[in-house]
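Here's the structure, in structure tokens; my notes come after.
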Amino acid sequence: MTTISRHFFGDSEKTAFSVSIVENMKEDYGLFVWPCSIVLAEYVWQQRSLFSGNDVVELGAGTCLPGLIAAKVGSNVTLTDDANRSEVLENMRTVCELNKLKCEVLGLTWGSWDESIFSLHPKIILGADVLYDARAFDDLFTTVTFLLQSNPGSVFITTYHNRSGHHLIEFLMVKWGLKCVKLVDGFSLLPSDKAARLSGNIQLAEIVLSHEQIEETSSSGAI
């Protein structure tokens with residue numbers, strides 16, 4: 001069953017704005033707004049001065065709430081999800097039209113080296129609940145590392161349930177030459193009314209290239 005949910009941002013007494021999301025939980029997990037998306041979207045709103053005017057790419061966007069908020073606050077946004085999930089990509093286009101937002105929608109499969117990934121030049125990479133399947137972690141971190149290397153000074157901001165454990169994520173960051181520069185409890189970012197409706201152990205992390213990886217990239221002449 002298809003439903004439309006509304007998500008509000010701003011002062012609780014005088015809402016700054018809302019966005020509407022088309023959801024269909026029975027069809028595909030990519031067509032449902034998960035708690036990590038709500039946390040990341042709230043963070044984008046709170047840090048809106050950092051997003052305004054910057055190029056933003058959302059990976060595994062699904063219903064794309066964080067990306068939509070980035071567009072609302074003035075980012076140039078590209079929403080991506082698996083190129084094989086046409087129903088999710090089409091839902092993204094529908095949601096953008098519903099909210100009168102101009103975002104590029106792009107099929108991007110993690111770990112795949114087609115022309116789509118070479119067209120992306122983000123300053124900020126977003127990913128909500130993209131660390132849910134350990135089998136896909138290497139493909140995800142391959143893609144994230146490429147985007148960070150190709151765009152000096154960029155950052156990957158992700159929210160995730162601590163269901164797989166920090167140790168595996170830390171191992172993969174070391175493996176791919178990344179480091180975490182910020183790690184906070186997701187619920188500490190939420191207004192009390194939003195926090196009361198969610199559950200779980202949600203973390204928000206900001207991830208960048210390690211100094212060693214930056215030096216290696218610079219010496220290799222990568223752009």
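The values are calculated or read from the model by the stated rules, or taken from the named source; none is laboratory data. These numbers were taken from a predicted model, which means no experiment stands behind them. Virtual Cβ from ideal backbone geometry, glycine too; neighbours counted across all protein chains shown. Side chains are part of the model used for accessible areas, which takes the heavy atoms of the whole protein and leaves out ligands, DNA and RNA. Shrake-Rupley method; radii C 1.70, N 1.55, O 1.52, S 1.80 Å.
Please report the antiparallel percentage of DSSP beta bridges with both residues in the stretch 2-209, rounded to the nearest 5.
Of the beta bridges lying entirely in the stretch 2-209, close to 55 percent run antiparallel.
Using 0.36 nm per residue and subtracting the Cα-Cα separation, the extra length available between Asn201 and Ser116 on full extension is 27.3 nm.
The residues packed around Thr78, meaning those with a beta-carbon under 9 Å from its beta-carbon, carry a net charge of -3 if Lys and Arg are +1 and Asp and Glu are -1.
Over the chain, accessible surface divided per residue gives 48 Å², non-protein components excluded, 1.4 Å probe. For Thr2 and Ala136, the FRET efficiency from 1/(1 + (r/R0)^6), where r spans their Cβ atoms and R0 equals 35 Å, is about 0.85. Separation of the alpha carbons by more than 21 angstrom is noted, of Lys102/Lys194; Lys100/Lys194; Lys102/Lys182; Lys100/Lys123; Lys123/Lys179, for Lys102/Lys194; Lys100/Lys194; Lys102/Lys182; Lys100/Lys123. Which of Leu126, Leu198, Ser86 sits farthest toward the positive end of the charge dipole of the stretch 2-209, with +1 on the Cβ of Lys and Arg and -1 on the Cβ of Asp and Glu? Ranked along the dipole, the leading option is Leu198.
Taking the empirical scaling 2.2 N^0.38 Å for compact globular proteins as reference, the stretch 2-209 has a Cα radius of gyration ratio of 0.94. When you restrict to C-alpha pairs under 8 Å that are six or more residues apart and normalise by the size of the stretch 68-179, the relative contact order lands at 22 percent.
Extension gain for Asn162 to Asn54 (0.36 nm times residue separation, less C-alpha to C-alpha distance): 36.0 nm. How many percent of the accessible area of the chain is carbon or sulfur, using a 1.4 Å probe? Carbon-and-sulfur percentage of accessible area, whole number: 52. Here the contact order of the stretch 2-209, divided by its residue count and restricted to Cα pairs under 8 Å and six or more residues apart, works out to 17 percent.
When only Cα pairs under 8 Å and 6 or more residues apart are kept, what is the percent relative contact order across the stretch 36-90? For the stretch 36-90, the relative contact order is 35 percent.
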